[in-house]
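Note sheet for the following structure.
The values are calculated or read from the model by the stated rules, or taken from the named source; none is laboratory data. These numbers come from a predicted model, not from an experiment. Cβ placement follows ideal geometry from the backbone for every residue including glycine, while neighbour counts extend to all protein chains displayed.
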Amino acid sequence: MFGPFRSSLLQKTQRSLIALAALTLATLGHAAPVDDARGALVAGIDEVSSALRERPKQDDLVKLLDTLVDKHFAFETTTRLAIGPAWRDLKPAEQQSLTKLFSHLVIRTYVDRIGGDTTPQVVYSAPTELRPGRVEIPTRVTSAGQTYAIAYRLELNPSTQHWRVYDIVAEGVSLISNYRSQFDPIVRKSGAAGLIKTLELKLADSTAR
C-alpha cells in the first residue's frame with residue numbers, strides 16, 4: 001500500500017535535490033568570476049609593486065610598466081569611455097593612436113608621482129558586481145603614514161576570460177571622469193586630430209621633464 005506513495009515521495013525528493021544542485025551550481029558559477037577579478041587585481045598590483053621595489057631608473061620603469069599595460073589594463077575601454085560618444089565617429093587608426101598615446105601618458109604621469117621608500121600596504125574589500133562582466137573592488141592603501149580609499153574597476157575580456165582594470169577611483173575621483181572633462185572641449189573644438197596632437201605634446205613635455 002505504500003508503494004505508489006513512496007515512489008511519489010522519492011520522485012519529489014529527487015526533483016528537489018536536482019533543483020537545489022542546479023541553484024548551487026548557478027550561484028557558484030556566478031560568484032567565481034567575481035572572485036577571479038579580485039585575484040587578478042592582487043596579482044597585478046603585486047607585479048607592479050615588485051617592479052617598483054627593484055628601483056629601476058625612471059625611463060626603465062616606464063618601459064617596464066608599458067609591457068604590463070596589456071596584461072593588467074583594458075586601456076582601449078578606458079580611452080573609449082574617457083572620450084565618450086565621439087569615440088564612435090573615430091576611424092580605427094585614430095582609436096588605436098589615441099589608446100596608445102593615452103596609455104603612455106597615464107603611465108608617465110604615474111611614474112612621475114612615485115616617491116618615497118615605503119612599500120604601500122593594500123587592504124582589499126569584497127568585489128561588487130557593477131553589471132555582468134564588470135566589478136568594482138574597493139581598497140585601502142596606506143603609504144608613508146597616509147591612508148587612501150582607492151577603488152579599482154575591472155572588466156572581463158570575453159575572449160581570454162581575463163579580468164583587467166579599466167578605471168581607478170581615488171578618493172572619489174574617477175580616472176575616466178577626470179580625463180573626460182579634459183578631453184570633451186578638445187574633441188568638440190578640434191576633433192580627433194586635435195586630441196591626438198594635445199596628447200603628443202603632453203607626452204613630449206612629460207618625457208622631457
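Conditions first: (1) basic (Lys, Arg); (2) in contact (Cβ under 8 Å) with a residue 40 or more places away in the chain; (3) farther than 24 Å from Ala40 by Cβ. Lys197 passes all but one, so which condition is the exception?
(2)
Can you pull out every residue in region 185-209 that is surrounded by fewer than 16 Cβ atoms within 10 Å (Cβ to Cβ) and among the charged types (D, E, K, R)?
Across region 185-209, the qualifying residues are Arg188, Lys189, Lys197, Glu200, Asp205, Arg209.
Which of the residues spanning region 142-190 are in contact (Cβ under 8 Å) with a residue 40 or more places away in the chain and within 17 Å of Phe102 (Cβ to Cβ)?
Glu155, Arg164, Val165, Tyr166, Asp167, Leu175, Ile176, Tyr179, Arg180, Phe183, Asp184, Val187, listed by residue number.
Looking only at residues that are surrounded by 12 or more Cβ atoms within 10 Å (Cβ to Cβ) and β-branched (Val, Ile, Thr) in region 86-118, which one is modelled with the highest pLDDT?
Start the filter on region 86-118 by keeping residues that are surrounded by 12 or more Cβ atoms within 10 Å (Cβ to Cβ), which leaves 86-87, 90, 94-112.
Narrowing further to those that are β-branched (Val, Ile, Thr): 99, 106-107, 109, 111.
Working: Thr99: 94, Val106: 84, Ile107: 81, Thr109: 77, Val111: 66.
By that ranking, first place goes to Thr99.
Taking region 44-57, which residues are out of contact with any helix residue (DSSP H, G or I) (no Cβ under 6 Å at 6 or more places or on another chain) and either modelled with pLDDT under 75 or assigned to a loop (DSSP other than H, G, I, E, B) (or both)? Please lay out each step first, then the result.
As a first pass, look at region 44-57 and keep what is out of contact with any helix residue (DSSP H, G or I) (no Cβ under 6 Å at 6 or more places or on another chain): 45-50, 52-57.
Residues satisfying the conditions are Leu52, Arg53, Glu54, Arg55, Pro56, Lys57.
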